[in-house]
Every structure is written in C-alpha cells, then in structure tokens.
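Scroll down for the structure; my scribbles are underneath it.
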Amino acid sequence: MPFGSSRRKFLAGMGAVTATASVGSFAMPAPKKLPISFSTLGCPAWSWDKILGFAKQHGYTGVELRGLLGNMDLPTCPEFSPGRIEQSKKDVAAAGLRIASVDASAYMHDADPAKHGEQMADSRRFIDLASQLGAPYIRVMGNEIVGTQDETIARVAKSLHQLGEYAGPRKVTVLLESHGDFVRSPALLDILQQADSPHVALLWDAHNTYRGGPEAPEITVSRLGKYIRHTHLKDSITKGGEDHYVLTGRGEVPVKKQVQLLVDIGYQGYFSYEWEKAWHPDIEEPEIAFPVYAEVMTGYLKDAYAHRHK
C-alpha cells in the first residue's frame, strides 16, 4: 500500500540524551546509552506498560508519543489525566526512559480563521501536556500550500512564532516536521527564518525529504542542520511506482548516511523510528520492526561516532 494515501485520509530542543560535542580536534565519543527512540505510531495496539517495557528491553532510551491505543488526542488519554500523569512520569523514569517528543496532528496552513484557530488551540493543549511531562518538544506540521507558496509560508511562520511565544515559558520547543508540501529545504528554511524564535525548530523526517523532495540528505543537513532538534528515520523501497516501507537497512533510503551526517554536525537529539503501523496495518508488526531498528541503528551510530573520531 502506498504510504501517502492512508495517512491523508486519516488525518484529513532535545535535552534528554546528549553526546559530548567536539572541541577543536577532539571528537564526540559514542554515548554509553545511544539516543534511540520509537514513535508510538508504530505500536497502536500496545498498552502504556507494554510500550515502556518493550522500549527498555530492547535498548531504547526514549519514546515519542504519537497516540495511545488508537487515540491520537494525547491530552485526553487516561494515562495523562490529572489523577494519573504523575504516576505515568514515574513509570517512564523507572524504565530509564525519557519522552522524546509529544506529537500533535495540528497543521498551520489553514487560511480560514476559525479552522486555523482550532489548530492553534490544539497545539497549545499539546504544549501544555509536553510541559507537564517534562518533554522538550511538540511536533506540528505545515502542511499544505493554500493560496500562493509565499502566503502560506508567511502564515505558517507567523503561527510558529506565536506558538513559540506560548511554549518558551513552559520549557517546550515547537518543531515543524518536514512533511506534506514542505519537504524541501528552501521552503523549510524560509519558514524557520521568518518564524524567528528560539522556541521553534525542525523535526527532520529524513525519509520525507529524501523521497518527497527529492533531496539528497547532504543538501538538507547543510542548509537546515542548525535547526534540527529531532528526527524521524525509516526505510522504504520503490515498487510499481510507489514507495513501500521496509525494515531498516533493507531498503533504498540512505539511513546510514543520514545518521552519519547528523553525528558529523554534533546533533544531540534522538534518532527516532517512525514505523507507520497505525496508517499501514499491512507492514511488519512492531515486535519485529522495533528490535530490528534498535540493532541496525546501534551499528549505524557506533560506526558514525567512530568515523567522527578519526
């Protein structure tokens, strides 16, 4: 199944795990616990306890929240209700994990004032949740060009600036994901520069820019590297003119190169696996995909840190 259609139908900075930055000729060593996380988009049928237990068991150090048990409206999940959120935070800490990001479905492109107001209000709810959880980021999207590109970029940038003003005092950064009509670095750079906020940055979905741009990762990182705080990584193959997700390292996307480029610029965020099981039920189960990603990414990261050490 092509991965764009089902998602569209359904939808109609990192401070937790750091690596020592380079100083002069001294390179960044591999951290003892590698900064890998997975999005709960990949395990839509899992309970809160299973998510945390599986992450711990397979060497993950972070979990990215994108729905629980099919509920994408995270602020309404029982685990984050006023009576349970403190226990949920303790559960995360007890598993030796951190919340990498809290992902909203909100998009910033709508020109209709009422609809745009709804998206902004939704974003603020997610900022509040991230703040309560001690999570560094929320994710929002551009997402479509409505009117001219310049008009849309200005609208998205203004929205991000306003959200940044709300998020900053709550110790949260708003991340714009490279997604939809905004997967090329010139437009993303324009948005981020116009947003002009220390509390606004980029979630680099490296698959989206490579496939949807299409843009070589070297170009994306060279232009946008200073804004990247979080990443989505995944692999795919092209078959019959359509892209199909495959297990990490078994496809055509240069995931290892994407990782190396991030390590080379001193990126200190999570390398997060976005296995889109919620949108594509036919792809491999998370019990298979998540351990493969952890194993492959461990190798990629160790090689990347070793390469930088040379």
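Structure notes:
- Amide H contacts of Trp275: Ser39, Gly42, each under 5 Å away and 5 or more positions distant or on a separate chain (H built 1.01 Å from N in the peptide plane; Pro and chain starts excluded).
- Placing dummy labels 7 Å off each Cα toward the beta-carbon, the span from Leu69 to Arg170 is 2.4 nm.
- Of His207, His280, His179, the sequence from fewest to most neighbouring Cβ atoms within 10 angstrom is His280, His179, His207.
- Rounded to the nearest 20, the size of the Cβ-charge dipole of region 87-128 about its Cα centre is 320 debye, with Lys and Arg at +1 and Asp and Glu at -1.
- Distance between modelled label sites at Gln149 and Ser81, nm, 7 Å Cα→Cβ extension: 4.8 nm
- Charge dipole of region 179-310 about the Cα centre (unit charges at C-beta), most positive-ward option of His179, Leu202, Trp279: Leu202
- Rough spin-label spacing in nm, given labels placed 7 Å along Cα→Cβ, for Ala94 and Ala111: 5.2 nm
- A Förster radius of 22 Å combined with the Cβ-Cβ distance from Asp303 to Arg250 puts the calculated FRET efficiency at roughly 0.80.
- Alpha-carbon centroids, region 253-277 and region 163-210: separation in whole Å: 17 Å
- Remark: the chain carries a charge dipole of roughly 960 debye about the Cα centre, counting +1 on each Lys and Arg Cβ and -1 on each Asp and Glu Cβ.
- Nonlocal amide H pairs with Asp110, under 5 Å, H built at 1.01 Å: none
- Per residue, the Cα convex hull of the chain amounts to 126 Å³.
- Near the amide H of Ile145, within less than 5 Å, lie the amide hydrogens of Asp181, all on another chain or at least 5 residues away, with H placed in the peptide plane.
- Taking 0.36 nm per residue of separation and subtracting the current Cα-Cα distance, fully stretching the chain between Lys226 and Glu295 would add 22.1 nm.
- The ellipsoid equivalent to the alpha-carbon distribution of region 170-210 has semi-axes of 19, 12, 6 angstrom, derived from the gyration tensor eigenvalues as √(5λ) and listed largest first.
- Expressed per residue, the C-alpha convex hull volume of region 151-268 stands at 103 Å³.
Taken together, the values in this text are just the output of simple stated rules run on the coordinates, not laboratory data. Computed from a predicted structure; not experimentally measured. For neighbour counting, all protein chains shown are included, and Cβ atoms are generated from backbone atoms with ideal geometry for every residue, glycine included.
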